[in-house]
Amino acid sequence: MSIAADQGAMRWDDLAWAHGYDPMKAYSSSKIAFGLFAMELQRRSDAAGWRLRSNLSHPGIVQTNLLAAQPGMGRPKDTTVVKAIRWMSARGLLVGTPSSAALPAVYAATDPDARGGRLYGPRGFRHLGGLPAEQPLYTRLQSERDAVRVWDISEQLTGIRFRA
């Protein structure tokens, strides 16, 4: 998951972004779809008694090579956001590491107190770093109607139907 799921929107009429591709909007849309799918999986598990836990996690922000300019991914140069992250990291304002960024996912997957259908991320300033904790579910992930729609589209695209 990514904090990008808290911005942007689904592009229902062009999910593959075949027209008017915008890398950041497409990324945000993909994260929203991922989150909606996870929420629907939890609802279906609860209803059918599957006894599985589907939850989400996000790592916060850590300066890694994933932020580097990558022309093949539509980022020919560093963005303003990347420059700001580097500036904050150099001044100790972002102190996360790849290891600490993994903690919310590990917590969400393994801690007995982590409940399904929830979002876990860093508890620090603006959820950018720190130890894992439950976070408010992003507004864009709260629509049950949209979650069912993503689920149905996923079944259509894969040709696989899950029966309760």
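Worth a mention:
- Computed from phi, the 3J(HN,Hα) profile of the range 2-9 under the Karplus parametrisation 6.51, -1.76, 1.60 (θ = phi - 60°) reads 8, 5, 5, 6, 9, 8, x, 7 Hz, with x in place of Gly and Pro.
- Percentage relative contact order, the range 119-164, counting C-alpha pairs under 8 Å, at least six apart: 23
- Radius 12 Å from Cβ of TRP151, net charge of other residues (Lys, Arg +1; Asp, Glu -1): 0
- Length, then width, then depth: along the principal axes, the Cα atoms of the range 1-47 run 39, 22, 11 Å.
- Overall, the chain carries a charge dipole of about 260 debye about its Cα centre when +1 sits on the Cβ of Lys and Arg and -1 on the Cβ of Asp and Glu, all other atoms neutral.
- TYR120 long-range amide H proximity, modeled H, under 5 Å: LEU56, SER57, HIS58, GLN135
- Neighbours of GLN7, meaning other residues whose beta-carbon lies under 15 angstrom from its beta-carbon, give a summed charge of +3 when Lys and Arg score +1 and Asp and Glu score -1.
- The range 14-160, accessible area per residue, ligands and nucleic acids excluded (1.4 Å, Å²): 61
- The HN-Hα couplings worked out from phi for the range 147-152 by the Karplus form 6.51 cos²θ - 1.76 cosθ + 1.60 (θ = phi - 60°) are 5, 5, 4, 4, 4, 4 Hz, whole numbers, x standing for Gly and Pro.
- Computed over protein heavy atoms with a 1.4 Å probe, the carbon and sulfur contribution to the accessible area of the chain reaches 57%.
- With the charge dipole of the chain set up from +1 on Lys and Arg Cβ and -1 on Asp and Glu Cβ about the Cα centre, the Cα lying farthest toward the positive end among the listed residues ALA38, VAL150, ALA108 is that of ALA108.
- Listed values for the range 49-60 are Karplus-derived 3J(HN,Hα) couplings in whole Hz (6.51 cos²θ - 1.76 cosθ + 1.60, θ = phi - 60°), namely x, 5, 6, 10, 10, 10, 9, 10, 9, 9, x, x, and x replaces Gly and Pro.
- (i) 51, 43, 22; (ii) 70, 36, 34; (iii) 35, 34, 30, with the label sought being that of the calculated Cα extents along the principal axes in Å: (i)
- Ordering 145-151, 102-108 by mean Cβ neighbour count within 10 Å, with the highest value first, yields 102-108, 145-151.
- Computed over the chain, the per-residue total of -39500 (n - 2.57) for DSSP H runs of n ≥ 4 gives a 222 nm mean residue ellipticity of -13000 deg cm²/dmol, rounded to 500.
The values are calculated or read from the model by the stated rules, or taken from the named source; none is laboratory data. What you are looking at is a predicted structure, and each value in this text was computed from that prediction instead of being measured. Here Cβ is always computed from backbone atoms with ideal geometry, including for glycine, and neighbour counts include all displayed protein chains. Just the protein is used for accessible areas: all its heavy atoms, side chains included, with ligands, DNA and RNA removed. Shrake-Rupley method; radii C 1.70, N 1.55, O 1.52, S 1.80 Å.
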